[in-house]
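These notes are about the structure you will find just below.
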Amino acid sequence: MRRRPGILRLAPGLTLVLLIGPVVAGLLGTLLPALSSRAAALGELLSWPGLGPALWLSVKTGVMSTVLALAITLLLIASLQGSRAFAALQHLLSPLLSVPHAAAALGLAFLIAPSGWVARALSPWATGWEVPPDLLVLNDPGGWALTLGLVAKEVPFLLLMALAALPQTDAARRRLQAQTLGAAPSMAFAVAVLPALYRQLRLPVYAVLAYGMTAVDMALILGPSRPPTLSAQVVVWMNDPTLATRGIAAAGAVLQLFAVLAVLALWRGGEVLARRLLLTFATHGLRGRKAEPALRGLALASGAGVAFVLLAGLSGLALWSVAGLWSFPDALPESWSLRIWAQAGDGLAQSTWTTLVIALSATAMALALTLACLEAEFRHALRPGDGALVLLYLPLLVPQVAFLPGLQQLALRLGVEGTPLAVAASHVVFVLPYVFLSLAAPWRAWDGRIALSAHALGATPDRVFWTLRLPMMLRAVLTAGAVGLAVSIGQYLPTLLIGGGRVETLTTEAVALSSGGNRRLIGAYALIQMILPALGFALALLLPALLFRNRRGMGVGA
Amino acid sequence: MFRRHFLLATACIAALPHLGAAQTAPEWEAVLSEARGQTVFWHAWGGDPKINDFIAWVSGVAQDRYGVTIEQVKLASTADAVARVLGERDAGVTSGGAVDLIWINGENFAAMKAEGLLHGPFAESLPNWGLVDVAGKPAVVTDFTLPTEGFESPWAMAQLVFEYDSARLPEPPRSLATLKDWIIANPGRFTYPQPPDYMGTTFLKQVAYGTLADPSVMQAPVDEATYAETVAPIWAFLDEITPHLWREGRAYPQNEPALGQLLADGEVDIGFAFNPGRASAEIAAGNLPESVRTFTLEGGTIGNASFVAIPFNAAHRAGALVVANLILDPEVQARAQDPSVLGFQTVLNLAALSPQDRARFDALDLGIATLAPDQMGPALLEPHASWMTRISQDWVERYGVAQ
Amino acid sequence: MREGLCLRDLHVMRAGQPLVSLSAEIAPGEVLCLMGPSGAGKSTALAAILGALPRDFIGSGQVLLDGRDVSALPPHLRRIGLLFQDDILFPHLSVAQNLAFALPPERRGRALRSAAVEAALEEAGLSGFGPRDPATLSGGQRARVALMRALLAEPRAILLDEPFSRLDAERRAQMRRFVLDTITARAIPALLVTHDREDALATGGRVLTPMGVPVSP
């Protein structure tokens, strides 16, 4: 028993090793082959005629989607926070965090295609279209469909991150203060809260930017193809049957990595400019009263737009899963059929089971590590620096394409590749940051005097942890667990590579199916993909409410 | 006329080296007993639920007859499996590999064979090999002009057929020339998957067969000296149709299923597929309207076979051999040809089957949209892989990057 | 062996600044009062006695309980009780569970433990409140539960951190009486931290600043 505190003290270091080790090992595994064949592969890469456009496309869609997603998120908080519309949006968007990118992209594709749901709903009565119009809406060369998809998928993430960060910024009081000085609510937010909030939001924004520039599944479904984004092209090269393009794929992955780093550096510069601009607004007495109604309208429209795009797209997929023949321009299927569900039942059950086992083990590991870190931090009064936070974000900042192939090689050499356990372990790398980020704030906000009181009553630190802190934090722990489940369920590339194709989860199945374009089956898989994390979130709400239904002080009733 | 003779000649040449004796019973018995209880990891493209269901059905038969379990590893792309065997070799995994059986053909096969990643030769020693129609279907031993040499075993024939909705398009264009006129007259109603996608390059091959002065040059590797001149008619053809394609050629569907979805959504009027029974099967599944029909071009369309191969380091080689043999079984082949199941063309020589087995095929209702075997027209051989590599590279440069 | 709580040269520094400097002996049943404006180091002194000084504070000196040096022990082994200004009741436990939490593990047997809890409730005038949610109690009731809980742990000394400051004037006097009488009756040495003169006067004992300077209330 006396040794326990010592072991706990090692938790933060162990966690960082588990996070950083795979990323670094994977990067080396990818980079070394690329460097060894540097000249030839690089030459091939540079001679690919699509390189310039593909790189520009990656940068453009990544930056545009991040700017838009961030703008919408901040606009929502600035002009709607506290209103009923905001609460409704928040409830609508939270479960959507768990929707895998591929499912969201496929839903969006069906929504906006010229033969898609929107066109069907308006045809032929409003548009006169008997056959779908020849309009380049999807896969447009400008990458706007891809940008829209990324924005819709990232707004829920940024919004939840921002909401988690707000309490630490003393937002309510600062904002009230600015408002009493005459600033309209949005302006008060921008001047008094935004700088502090953005400091907390910076790393999530970087993660969004890095993801937007390197997304593969979304780019393949929504992005242009002549040429595709660089990351999509890298995966095409990786998959080339002649094996001759593996060098160029590795060179492309390295270029991708540097492109992300360069854009992050530019973004950092942009932050400084934006901050200056904001200060100028503030000191020039801008109150923003006239703009307030317009901002409110814009916030409502964009928030509702994001929710609509995601929900309608996914409803479309759900509908497809029970559709019989559904031709253009019918707004609804001509006939209904449960054939897909009956047919796919076994496969669905099997992959649901595998998905759950992996997600639950990865989440349990991540939760245990997170709790150990936070408890060590509390008991030993450790102060994690900013560096630790950056490290925590590392797996989200380094493009997956750049380090997962190397990690797969490592797993192969260790002989663990292809096992669900290895997949779960690789998921921990991506699950842990989210679990940590969503649990750390409420955990640290716990009133330390409770522990002191309990110690004064003779309770050991362990007893305080198990009987007081953990039960009191149950809701936060379960919510973090649900976030972890959602993240694990959505993982594609790590599952495919570390699982060696033998570990079939809902997401790998759905993406494999998406190459076949079978909307009915994709719909069925996407639906289950959504339902599982939603159940997790529901449990996180209901279980504490049930356990503490007679405890007003736990704040679960209202 | 020339082409007919040429095809026949190739068929004979291709058939010659494959007269090896079938494996004797005791050796096969040993394989069977070793295979019993094994689980075969069959890496196969998983994008089509009908194929997945078929494999699941085969798994049941394998279990009942031989005590062999099949686990289908559903791939988004066959190249994933190739890459993984290569990765295993690079990591020094020379036995106990993850891949036991791969559904493979064309470039993937060529790459694996060239890298020495395949077990074999094995195909011609399978007990059911004698039923395979080597003479009538030369593509079963010639994969993209590359002799298979027993390193892969065929299990389905495929031939390019065009699909159209007769309700919207009563009389489809039946030659490449009339197809061109139709495309120009009906802008935005035709497209093809973006090369280097396999179906996209297949369309380019079809264009090559229809436009090249002498298509037989494509059976030999590319001759750099004459290449540009030889393929010039292809580019001329494409330059003419591209502005009139779906989305004015500014976007292309990514693969065959995506093209099929465009046809189902009414975004295009003519699609095409490598499976002559696909349209009927899709109608039966409620994915296409009843009015969809198929046609082939005068002079024939590209045809080839799908194969299974066994990696050099397969953990369950005996089981894989048993499965490769099982899918040549007449009962399994007949089921694969059933349009309500897969609608794949059989690789077997129907004349070599017992009356009982033949009855299985005769009983099949090929489906409303499927052409009868005598309506299919000739199956043109796949060109040498070097042609398609060059042509699809050039396509990417000409049409595949936005400038 | 002296009975009671003995602070021997207890010093606390922060950033080179002395915050606490105390030497005092508190006999069983005696209440020593620590007074001073906010930020004067009162709470720091309590933390030092409990052994829960935050990291950037540097403490020295000894804390003796009934003649035994407890300076090296962690807070939960010191057997020094604590009462906060906000009655820190555990919100997820019922009133009875809060009290039972404090009972030493040596008190075995469900019946014995619940009898001890019932007795404590009765002493606080809260019979029948056991199953209640602490959040539904009035401020005075919660303060009494908190005191009873502290006493159930059988502390050898008790620290009171402005325990009455959240109560209104009327309840305050009543509660103060109850607390002081109970402590005296149980002969527990107590240290009361306050900034309120009334509190200091009511103890009738010595009054010091955190720096050990005697004050006349």
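The values are calculated or read from the model by the stated rules, or taken from the named source; none is laboratory data. The structure displayed is predicted, hence computed values, not measured ones. All Cβ positions, even for glycine, are placed from backbone atoms using ideal geometry, and neighbour counts span all protein chains on display.
Taking the criterion of being crowded, with 23+ Cβ neighbours inside 10 Å and small (Gly, Ala, Ser), the residues of the stretch B:314-327 that qualify are B:314, B:319, B:320, B:324. Residue-level analysis places residue B:321 among those that are closer than 30 Å to residue B:82 by Cα, out of contact with any Leu (no Cβ under 6 Å at 6 or more places or on another chain) and in contact (Cβ under 8 Å) with a residue 24 or more places away in the chain. Residue C:12 falls short of the stated requirement of being more than 13 Å from chain A (Cβ to nearest Cβ), β-branched (Val, Ile, Thr) and under 27 Å from residue C:149 (Cβ atoms).
Taking the stretch A:204-292 and the helices (runs of 4 or more DSSP H) fully enclosed by it, the elements with 1 or more residues that are aromatic (Phe, Trp, Tyr) and more than 30 Å from residue A:97 (Cβ to Cβ) are at A:230-238, A:246-283. Out of the residues in the stretch C:100-110 that are closer than 21 Å to residue A:461 by Cβ and of a type outside the set (Asp, Glu), state the one that is farthest from the other protein chains (Cβ to nearest Cβ). Across the stretch C:100-110, the extreme among qualifying residues is C:100.
Mind counting the residues in the stretch B:84-109 that are in a helix (DSSP H, G or I), more than 7 Å from chain A (Cβ to nearest Cβ) and either over 24 Å from residue B:50 (Cβ atoms) or free of Cβ contacts under 8 Å to residues at least 60 places away in the same chain (or both)?
Initial filter on the stretch B:84-109 (in a helix (DSSP H, G or I)): B:84-90, B:106-109.
Applying the additional criterion that residues be more than 7 Å from chain A (Cβ to nearest Cβ) yields B:85, B:89-90, B:106, B:109.
Okay, now just the ones that are also either over 24 Å from residue B:50 (Cβ atoms) or free of Cβ contacts under 8 Å to residues at least 60 places away in the same chain (or both), so B:85, B:89-90.
Matching residues across the stretch B:84-109 total 3.
Scanning the stretch A:1-13 for residues that are loosely packed, with under 14 Cβ neighbours inside 10 Å and at pLDDT 80 or above yields a total of 2. Listed here are the helices (runs of 4 or more DSSP H) enclosed by the stretch B:313-403 that have at least 1 residues being at pLDDT below 85: B:385-395.
Taken as a whole, the stretch B:301-316 holds no residue that is within 19 Å of residue B:45 (Cα to Cα), without any contact (Cβ under 8 Å) to a residue 24 or more places away in the chain, in contact with a strand residue (DSSP E or B) (Cβ under 8 Å, 6 or more places away or on another chain) and not aliphatic (A, V, I, L, M). Candidates A:521, A:546: the one that is of a type in the set (A, V, I, L, M), at the interface with another protein chain (Cβ under 10 Å from one of its Cβ atoms) and either in a helix (DSSP H, G or I) or free of Cβ contacts under 8 Å to residues at least 40 places away in the same chain (or both) is A:521.
Being over 21 Å from residue C:152 (Cα atoms) and facing chain A (nearest Cβ under 8 Å) is the filter; apply it to the stretch C:51-96 and report the residue that is modelled with the lowest pLDDT. Lay out the reasoning, then the answer.
Let us first name the residues in the stretch C:51-96 that are over 21 Å from residue C:152 (Cα atoms), namely C:52-64, C:67-69, C:71-72.
Add one more test, that the residue is facing chain A (nearest Cβ under 8 Å), and what stays is C:52, C:54-55.
Numbers: C:52: 85, C:54: 82, C:55: 79.
Ranking the qualifying residues of the stretch C:51-96, first place goes to C:55.
Would the stretch B:233-245 turn up any residue that is within 14 Å of another protein chain (Cβ to nearest Cβ) and either of a type in the set (Ser, Thr, Tyr) or in a strand (DSSP E or B) (or both)? Looking through the stretch B:233-245, at least one residue is within 14 Å of another protein chain (Cβ to nearest Cβ) and either of a type in the set (Ser, Thr, Tyr) or in a strand (DSSP E or B) (or both).
What about residue B:192, is it of a type in the set (Phe, Trp, Tyr), within 14 Å of chain A (Cβ to nearest Cβ), under 25 Å from residue A:131 (Cα atoms) and touching an Asp or Glu at 6+ places or on another chain (Cβ under 7 Å)? It is false that residue B:192 is of a type in the set (Phe, Trp, Tyr), within 14 Å of chain A (Cβ to nearest Cβ), under 25 Å from residue A:131 (Cα atoms) and touching an Asp or Glu at 6+ places or on another chain (Cβ under 7 Å). Within the stretch A:396-420, restricting attention to residues that are farther than 20 Å from residue A:16 by Cβ and among the β-branched types (Val, Ile, Thr), which residue is modelled with the highest pLDDT? Per the stated criteria, the residue is A:419. Among the residues making up the stretch A:452-466, those that are without any contact (Cβ under 8 Å) to a residue 24 or more places away in the chain and either closer than 21 Å to residue A:368 by Cα or out of contact with any Pro (no Cβ under 6 Å at 6 or more places or on another chain) (or both) are A:452, A:453, A:454, A:456, A:457, A:458, A:459, A:460, A:463, A:464, A:466. Could you go through the stretch A:492-511 and let me know if any residue there is assigned to a helix (DSSP H, G or I), in contact with a Phe, Trp or Tyr (Cβ under 9 Å, 6 or more places away or on another chain), within 14 Å of chain B (Cβ to nearest Cβ) and among the hydroxyl-bearing types (Ser, Thr, Tyr). Scanning the stretch A:492-511 turns up at least one residue that is assigned to a helix (DSSP H, G or I), in contact with a Phe, Trp or Tyr (Cβ under 9 Å, 6 or more places away or on another chain), within 14 Å of chain B (Cβ to nearest Cβ) and among the hydroxyl-bearing types (Ser, Thr, Tyr).
Against the test of being buried (at least 18 other Cβ atoms within 10 Å of the Cβ), away from every other protein chain (no Cβ under 14 Å) and under 30 Å from residue A:44 (Cβ atoms), the options B:330, B:311, B:383, B:339 yield a single qualifying residue, B:383.
Criterion first (among the β-branched types (Val, Ile, Thr) and more than 17 Å from the chain's Cα centre (by Cα)) does residue C:58 satisfy it? If you could, list the steps in order and put the result at the bottom.
Working: among the β-branched types (Val, Ile, Thr): yes; more than 17 Å from the chain's Cα centre (by Cα): yes.
Yes; evaluated as a whole, the condition is true for this residue.
Here residue B:184 passes the criteria (1) at the interface with chain A (Cβ under 9 Å from one of its Cβ atoms); (2) assigned to a helix (DSSP H, G or I); (3) surrounded by fewer than 16 Cβ atoms within 10 Å (Cβ to Cβ) except the one numbered (1). All of (1) surrounded by fewer than 22 Cβ atoms within 10 Å (Cβ to Cβ); (2) not in a helix (DSSP H, G or I) hold for residue A:470 with one exception: (2). Listed by first and then second residue, the pairs with beta-carbon distance under 6 Å, at least 6 apart or on different chains, first residue in the stretch B:213-237 and within 13 Å of residue B:390 (Cβ to Cβ), second among the hydroxyl-bearing types (Ser, Thr, Tyr) and surrounded by 10 or more Cβ atoms within 10 Å (Cβ to Cβ), are B:221/B:386; B:222/B:386; B:234/B:211. Selection of the stretch A:120-166 for residues being within 14 Å of another protein chain (Cβ to nearest Cβ) and either of a type in the set (Gly, Ala, Ser) or not in a loop (DSSP other than H, G, I, E, B) (or both) yields A:120, A:123, A:142, A:143, A:144, A:145, A:146.
Where helices (runs of 4 or more DSSP H) fall wholly inside the stretch A:366-462, the ranges with 3 or more residues that are within 26 Å of the chain's Cα centre (by Cα) and more than 14 Å from chain C (Cβ to nearest Cβ) are A:386-397, A:400-414, A:420-445. Hey, any hits in the stretch A:510-527 for a residue that's within 24 Å of residue A:30 (Cα to Cα), among the polar types (S, T, N, Q) and buried (at least 24 other Cβ atoms within 10 Å of the Cβ)? No - not one qualifying residue is present in the stretch A:510-527.
Against the criterion of being touching an Asp or Glu at 6+ places or on another chain (Cβ under 7 Å) and within 30 Å of residue B:389 (Cβ to Cβ), residue A:224 qualifies.
Please verify whether residue A:182 is surrounded by fewer than 16 Cβ atoms within 10 Å (Cβ to Cβ) and touching a Lys or Arg at 6+ places or on another chain (Cβ under 7 Å), treating the condition exactly as stated. Yes: the conditions hold for residue A:182.
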